[in-house]
């Protein structure tokens, strides 16, 4: 194998998670230590940063700050939701990407995201192959939705699962504190897959669970919902804890949240903007019962709750980043890093490669046999699956009692930073004179 | 001083916090170790438990579980919102309380709650004095609202402040991840006082703060709100983080949340049930701008987020419980434990006693001079005040990656527990035979 020397670039894409930056840390630290990688770059806002030549020079970052990325939520180099057109439809963006890659001699392209991002990575990889530009393209999985196929699970999911389970336990202690009835509806993220909502099952395992869990895999019926709630009101002295996925849909295909008339936006991939499901369910229950109903809608708080990240998740996300660099250096291309659970009693995983094309447009939902449709709950299989993933804590060091997140310099390669430095020196000079 | 030997009872009252059980731990552990306290009881659901003679025997609890109360949120012995009638209006409840206290020889009554609970404690104390029943009544402060007067701050508040500041920091990283505009509205708890909402100022101190903070101390104007938001949209490239107190009111005195027609319940003290403020503000902004607006409504998640409790708060709550026992044993009565900040550079407090009558019906709001009305923000004075309170972490040990909260036996003193034990033995017997 002929050695390929060249620069590496990482892009972050799609919705944030608690650990997407842990993968970035893995990529940066591994790449900076490899002699065949001539320079390490990061694209500002994913593919948009490449198109606009807004590229950060990672070689100029402090290693201490890169280490802090492990426990910094969201996407430090900026994310994007941007769908490339098909090459045949419009080649201009692909040609622009090639131009920028050539300019910086980028030979390794890593893209960290969910299904749509893997599709982007796949398209670029195919374009490079067809145009004989030597560049190794590897996807790094990321999504709280845990809906990427062919991988046991996805970085980011476990931390949301831990957050939801912990929060449900705390909310249950809170909501059952009075000897009066109370209904709580917690809205979990998850557009088409119920993995996040199912995490509430872990709380039940610890004796402080939800009574009812609704996931998008099952068509939602308000009649069934009211039957379920009425039954639980009787069983539990009027205290009912409900978890509903933001993506539950009624029979005609509309999201429950769409029944909330003040909403209806779509994101730039054309997905409906979720949120408001719990409010709609709460309004419905208020029309049915006089029991007090509270909806808990933490929304994006749950996906960026790095203060409650799973240590397993942080480490796996970091290692996924490192493994992606190794795959690329082995001149593999058009693959996504995946996790394969080893069939052992003590949990451990193997890092594998999955063809991007396979993963790009597939979607992994909750296994139907794990959904207890009649009880509106989740089976114990989910506990065996998920519990190993949420072990351990790993969070940012405290500074003033608050998290000390990474502070990157984010120096742009196109020269603008030189001007900034000049201005700083200039101001300092004035200050001294004054 | 003649020694008073007798039993002690603790009641928990009002809304949960992350650390109300830490105060209970302080009370129980201190009281169990004192020879003049003949027995330690806990009232199930506060004053209701006394009226109904639903009383737990704390002497039978494991000390390990009592220690775990320090890091268990909400109110383990059950809380209540119950307002005693005036004695002159209806003495029956007072006579019933006296009857129960005499039956168990209760000479020390500790009541842990907010303003309304201090009022209850004060009424009972006065009734005992007038009827020459020797019983020492001490209130232990508790409220996330931080609105108790004559004390520097209140246990429970600091942990919410830490939760809100941390969450805003994480949400800011999340919400600013795209290069597209986004408005976030976080709804903070706080009925009449803006302490909780103001905590977002701490996040600003760490460079990841809210842009606008609305507190109930200032009448809310939708016109001013839109002016503020429009200005921030221009300044911050369309990215705006807003924190609003659930208790903000418009000029005619209505809560903003009341403009949400699906609501309108009141709690049993006659307070309007809060929540929904962020939804109303989000709907309003959606009518004004095409920028995506997300409302974050963690509701009771914030007040019971023991996984993010402040260590200072946990320790102070615990010590407040211990101090209450000491005051009672010193035969002080009709006081609440309070905190006085020592005028030193390094933060420390002195535990003091405050007449219950003073504290019962007063309410401590945010100092008006700390509110930057024009900027819709909070001054740096708040940072100096609040930062020392949120230092350090202290949370429940992990078991299966999830918090191991206290599990009390909660054995009722009225004899029912004997039946339960019998049934357990009986079932076990059957099992062995089967």
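The values are calculated or read from the model by the stated rules, or taken from the named source; none is laboratory data. Since we're looking at a predicted model, the values are computed, not measured. So basically every Cβ, Gly included, is an ideal-geometry build from the backbone, and we count neighbours across all protein chains shown.
Summary of values
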{"read-out": "Residue in the stretch B:29-50 that is over 23 Å from residue B:129 (Cα atoms), outside any helix (DSSP H, G or I) and within 14 Å of chain A (Cβ to nearest Cβ) present", "value": "yes"}
{"read-out": "The one condition in (1) farther than 20 Å from residue A:321 by Cβ; (2) surrounded by 17 or more Cβ atoms within 10 Å (Cβ to Cβ); (3) modelled with pLDDT of 95 or more that residue A:96 fails to fulfil", "value": "(2)"}
{"read-out": "Qualifying residue in the stretch B:58-67 (condition: surrounded by 21 or more Cβ atoms within 10 Å (Cβ to Cβ) and part of a strand (DSSP E or B))", "value": "no"}
{"read-out": "Among (1) within 30 Å of residue B:395 (Cβ to Cβ); (2) at pLDDT below 95; (3) within 14 Å of another protein chain (Cβ to nearest Cβ), the one test that residue B:259 misses", "value": "(1)"}
{"read-out": "Single unsatisfied condition, residue B:286 versus (1) in a helix (DSSP H, G or I); (2) more than 9 Å from chain A (Cβ to nearest Cβ); (3) farther than 30 Å from residue A:309 by Cα", "value": "(2)"}
{"read-out": "Failed condition for residue B:337, given (1) within 14 Å of another protein chain (Cβ to nearest Cβ); (2) buried (at least 24 other Cβ atoms within 10 Å of the Cβ); (3) part of a strand (DSSP E or B)", "value": "(1)"}
{"read-out": "For residue A:247: the one exception among (1) crowded, with 16+ Cβ neighbours inside 10 Å; (2) within 11 Å of another protein chain (Cβ to nearest Cβ)", "value": "(2)"}
{"read-out": "Verdict on residue A:359 being assigned to a helix (DSSP H, G or I), touching a strand residue (DSSP E or B) at 6+ places or on another chain (Cβ under 9 Å) and either at pLDDT 95 or above or over 30 Å from residue B:204 (Cα atoms) (or both)", "value": "yes"}
{"read-out": "Conditions (1) in a helix (DSSP H, G or I); (2) in contact (Cβ under 8 Å) with a residue 24 or more places away in the chain; number of the one not met by residue B:331", "value": "(1)"}
{"read-out": "From A:133, A:205, A:163, residue being surrounded by fewer than 24 Cβ atoms within 10 Å (Cβ to Cβ) and within 14 Å of another protein chain (Cβ to nearest Cβ)", "value": "A:205"}
{"read-out": "Every residue from the stretch B:391-406 that is at the interface with chain A (Cβ under 8 Å from one of its Cβ atoms), more than 26 Å from residue A:385 (Cα to Cα) and part of a loop (DSSP other than H, G, I, E, B)", "value": "B:391, B:392"}
{"read-out": "Residue in the stretch A:146-168 that is without any contact (Cβ under 8 Å) to a residue 60 or more places away in the chain and touching a helix residue (DSSP H, G or I) at 6+ places or on another chain (Cβ under 7 Å) present", "value": "no"}
{"read-out": "Helices (runs of 4 or more DSSP H) enclosed by the stretch A:82-178 - at least 1 residues per element that are within 30 Å of residue B:403 (Cβ to Cβ)", "value": "A:157-175"}
{"read-out": "Members of the stretch A:52-90 found to be more than 22 Å from the chain's Cα centre (by Cα), within 12 Å of another protein chain (Cβ to nearest Cβ) and in contact (Cβ under 8 Å) with a residue 24 or more places away in the chain, listed by number", "value": "A:54"}
{"read-out": "Count of residues meeting criterion [closer than 29 Å to residue B:153 by Cβ, facing chain A (nearest Cβ under 8 Å) and over 20 Å from the mean Cα position of the chain (by Cα)] in the stretch B:166-183", "value": "4"}
{"read-out": "Residue B:343 vs. criteria more than 30 Å from residue B:2 (Cβ to Cβ), in the same structural domain as residue B:78 (by TED's automatic domain parsing) and out of contact with any strand residue (DSSP E or B) (no Cβ under 6 Å at 6 or more places or on another chain)", "value": "yes"}
